[in-house]
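The values are calculated or read from the model by the stated rules, or taken from the named source; none is laboratory data. The structure displayed is predicted, hence computed values, not measured ones. Glycine gets a Cβ as well: all are built from the backbone with ideal geometry, and neighbour counts include every protein chain shown.
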Amino acid sequence: MPDVTSLRGARWLLADGGATPGEAPGADPLQQLLAARGWDRAALDAPPLGDPLLLPDMAVAVARLQRAAVSRERVLVSGDYDADGLAATALTVRALREIGVAAEPFVPRRLEHGYGLSVEAIAAAGTPLVVAVDNGTTACAEAAWCAAHGVDLIILDHHQPGPERPNALAVVNPQLPGSRYPCRDLCGAAVAWRLACALGRDPAEDIDVVAMATVADVVPLLGENRTIVRDGLELLNKGEGRRGLRALLPTGTCTARDLAFRVAPRLNAPGRMGDASPALDLLLADGAATVADALAAIELATVARRQAADQVATALGAAPADPFIFSCGEDWHVGVLGLVAARACEEAGKPVFLLGRAGSAWRGSVRAPAGWDVTSWLAACADQLARFGGHAGAAGFECQDPEALAQALRLHAPAMAAGPAPWRLDGVLGPDDLTLETADALAALEPHGEGNPPPRFLLPGAAARRVRTVGQGGRHLKLTLNGLDAIAFDLGFAAPGMAEGSHWDACLRPRVDTYAGRVRLQLDVEDLRPADGSWQAFLAAYPDRAPLVDAYRGLRAMAARGPLPPLPALPVALSAHASLPLPTARAAAAIFAELGLLAGPELVAKPVELAASPSYRLAAQVRERCRAIIR
């Protein structure tokens, strides 16, 4: 038997002591999940909020800002251009204005100012007090400039501290050594919100914005962060909360997924394209007209971001021998490189380095699957870099010579290479577990996000029926598994290879779906693999040139004997006549019809390019994908 992974090229790993495929599961699904993650039932609870004064330097920051309110000082609030930084800026500005401080927001432009505090912006503002939000913990040089020029600096941040503490009046960060705050993993907006609460603002007034930022910044949804997102979603689903935030939401019930994949990308779009002010305006807006104007600008930026990302994505290339993708473009917008790299990394299962021209230099982003440490990789190539920074799976960098960098990356790749991390499954579902009661029990762990992912269970040997595609371009897979409705996003390419009644192991989550007042069980499928471990029947639906030549010869022989059957019946006749698997005959008939070789009962003889057929191009893509599936 070949070494089998799955349609997504993933390997599934059950927790220690979990049932293996084909065995009956033991405990109920929720008990299996808790055991697999090492949690007890207290993990289902959402703890109360901590006291904001337990954060380092919070009392100092509050006292200085209250003094600024009394003396009516102007204060510069310097934020960041992503969704978390924008939310932190909006929350801080609103809280300071509420107590009488003349707060002026400043959000840097990605291409002009880069990330973090800008001495030029501080000098231009001329304020005696600066509040840095969602940045500043490592801004030692900028803090030294402020101290030398008589500017008080308060830092509200959540990033990891460096070896040196900046010389600021206050550094409020739950990650600092000695912090007594119960949650160390707050996002930047949550730290700003804790300041607002310490200044007397009602926590409930901003919980929706903090929930969005918590999801957008991909901090662990455990402990207090889970409380924040749960309460924020509850507020939004009551039709309350910030008017601008609600304008970005779909109708119906809002989930953490909506915040992650609908709201955050739109708030990020203006900053990626150069000017984040429309997103900040939306988060600060009170009136309907202001919301409408900001929303229109955000949608324009979203369209521009998609176009820029598509331009990069269509131009990507990779040397087959390389364990990574490395590509650059003179006219690529550097604001979208991280987005495209993340998407390409997910599809290819390997690190992706993308670079765009930024003045006289090249600026790049890299994304890598679990198991790689790209910052260590870049550090090994430091002599080719002007600067770099980031995390194990994502980083940014700047260089002068892309080809020299690519050669250095190839040189050090063997030491950095890592196989894709397996998908850890939470247990095994038996037929009796596929109930609304099971889905209700598992819903107790919502909202899901980083550190608290949606459940993943193995459903072994499920019968697939009514297989079809849905969504634009047939992107998604719709089917029934063991008679229950199921949806698999981004797996529409697999539909031709899934024969009616074929059996598949499924990685999925049972979920309660409510639509038009009807409650039903929905299976959200993340991945699939043949239950018997063989991909032969699946691949028969994606023929290459050789079986298509056999199919054409078979059709030619059939046409010599008389009219061809109509297209719906043609594959069955062709399969029998040419001894081809029925899925291959179906694919061949579709390809030949697209190429104009089938004209009613006649077979047309003319030269064609197989690549002109959309079905043939799909087959080629799936065969290429399966090189990674079956090794």
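Assorted remarks:
- Scope the range 446-478; condition touching a Lys or Arg at 6+ places or on another chain (Cβ under 9 Å), of a type in the set (A, V, I, L, M) and in contact (Cβ under 8 Å) with a residue 24 or more places away in the chain; matching residues: Val467, Leu477
- For the range 151-180, a residue qualifies if it is assigned to a loop (DSSP other than H, G, I, E, B) and of a type in the set (A, V, I, L, M, F, W, C), and the qualifying residues are Val151, Ala168, Leu169, Leu176.
- For the range 215-237, a residue qualifies if it is closer than 12 Å to Glu450 by Cα and among the charged types (D, E, K, R), and the qualifying residues are Asp217, Arg226.
- Candidate set from the range 362-381 (those that are in a strand (DSSP E or B) and under 20 Å from the mean Cα position of the chain (by Cα)); member that is surrounded by the fewest Cβ atoms within 10 Å (Cβ to Cβ): Ser365
- Verdict on Phe353 being modelled with pLDDT of 90 or more, within 18 Å of the chain's Cα centre (by Cα) and either among the hydrophobic types (A, V, I, L, M, F, W, C) or buried (at least 18 other Cβ atoms within 10 Å of the Cβ) (or both): yes
- Scanning the range 64-110 for residues that are free of Cβ contacts under 8 Å to residues at least 40 places away in the same chain and either among the β-branched types (Val, Ile, Thr) or farther than 17 Å from Gly188 by Cα (or both) gives Arg67, Ala69, Val70, Ser71, Arg72, Arg97, Gly100, Val101, Ala102, Ala103, Glu104.
Table: residues versus (1) of a type outside the set (Ser, Thr, Tyr); (2) surrounded by fewer than 24 Cβ atoms within 10 Å (Cβ to Cβ).
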{"residue": "Glu224", "(1), (2)": "yes, yes"}
{"residue": "Thr227", "(1), (2)": "no, yes"}
{"residue": "Asp231", "(1), (2)": "yes, yes"}
{"residue": "Glu234", "(1), (2)": "yes, yes"}
{"residue": "Gly241", "(1), (2)": "yes, no"}
{"residue": "Ala256", "(1), (2)": "yes, yes"}
{"residue": "Ala269", "(1), (2)": "yes, no"}
{"residue": "Thr290", "(1), (2)": "no, yes"}
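- Scanning the range 382-426 for residues being assigned to a helix (DSSP H, G or I) and of a type outside the set (Lys, Arg) gives a total of 17.
- Qualifying positions in the range 329-380 - more than 23 Å from Trp423 (Cβ to Cβ) and of a type in the set (Lys, Arg): Arg357, Arg363
- Of all residues in the range 530-553 being free of Cβ contacts under 8 Å to residues at least 40 places away in the same chain and assigned to a helix (DSSP H, G or I), the one that is farthest from Ala506 (Cα to Cα): Arg553
Yes or no, residue by residue, for (1) among the polar types (S, T, N, Q); (2) under 30 Å from Cys254 (Cβ atoms); (3) out of contact with any Gly (no Cβ under 7 Å at 6 or more places or on another chain); (4) assigned by TED's automatic domain parsing to the domain that holds Ala441:
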| position | (1), (2), (3), (4) |
| --- | --- |
| Asp505 | no, no, no, yes |
| Leu508 | no, yes, yes, yes |
| Arg518 | no, yes, yes, yes |
| Glu526 | no, yes, yes, yes |
| Ala546 | no, no, yes, no |
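- Here the range 591-605 is the region considered, the condition is being part of a loop (DSSP other than H, G, I, E, B) and over 16 Å from Arg545 (Cα atoms), and the residue that is modelled with the highest pLDDT is Gly596.
- Some residue of the range 482-493 being modelled with pLDDT of 95 or more, touching a Ser or Thr at 6+ places or on another chain (Cβ under 7 Å), hydrophobic (A, V, I, L, M, F, W, C) and more than 19 Å from Trp535 (Cα to Cα): yes
- Applying the condition of being modelled with pLDDT under 95 and either surrounded by fewer than 16 Cβ atoms within 10 Å (Cβ to Cβ) or of a type in the set (S, T, N, Q) (or both) to the range 146-164 and asking which residue is farthest from the chain's Cα centre (by Cα) yields Glu164.
- Checked against the criterion of being touching a strand residue (DSSP E or B) at 6+ places or on another chain (Cβ under 6 Å), within 20 Å of Arg529 (Cβ to Cβ) and not hydroxyl-bearing (Ser, Thr, Tyr), the range 442-455 contains one or more residues that satisfy it.
- Test set (1) among the aliphatic types (A, V, I, L, M); (2) under 21 Å from the mean Cα position of the chain (by Cα); (3) over 26 Å from Pro161 (Cα atoms); (4) not assigned by TED's automatic domain parsing to the domain that holds Asp527 - Leu445 fails condition number: (4)
- Count of the range 67-91 residues which are over 26 Å from the mean Cα position of the chain (by Cα) and either surrounded by 15 or more Cβ atoms within 10 Å (Cβ to Cβ) or not assigned by TED's automatic domain parsing to the domain that holds Ala189 (or both): 7
- Test result for Ala315, more than 30 Å from Leu235 (Cβ to Cβ), out of contact with any helix residue (DSSP H, G or I) (no Cβ under 8 Å at 6 or more places or on another chain) and among the small types (Gly, Ala, Ser): yes
- In the range 44-66, the residues that are buried (at least 17 other Cβ atoms within 10 Å of the Cβ) and part of a helix (DSSP H, G or I): Pro52, Met58, Ala61, Val62, Arg64, Leu65
- Within the range 93-108, tally of residues that are within 27 Å of the chain's Cα centre (by Cα) and either in a helix (DSSP H, G or I) or of a type in the set (Asp, Glu) (or both): 0
- Criterion (surrounded by 15 or more Cβ atoms within 10 Å (Cβ to Cβ), over 20 Å from the mean Cα position of the chain (by Cα) and at pLDDT 90 or above) met by exactly one of Arg465, Arg456: Arg465
- The range 100-111, subset touching a Gly at 6+ places or on another chain (Cβ under 8 Å) and either at pLDDT 95 or above or not β-branched (Val, Ile, Thr) (or both), residue farthest from Gly241 (Cα to Cα): Leu111
- Filter pass, Phe326 being among the aromatic types (Phe, Trp, Tyr) and touching a residue at least 24 places away in the same chain (Cβ under 8 Å): yes
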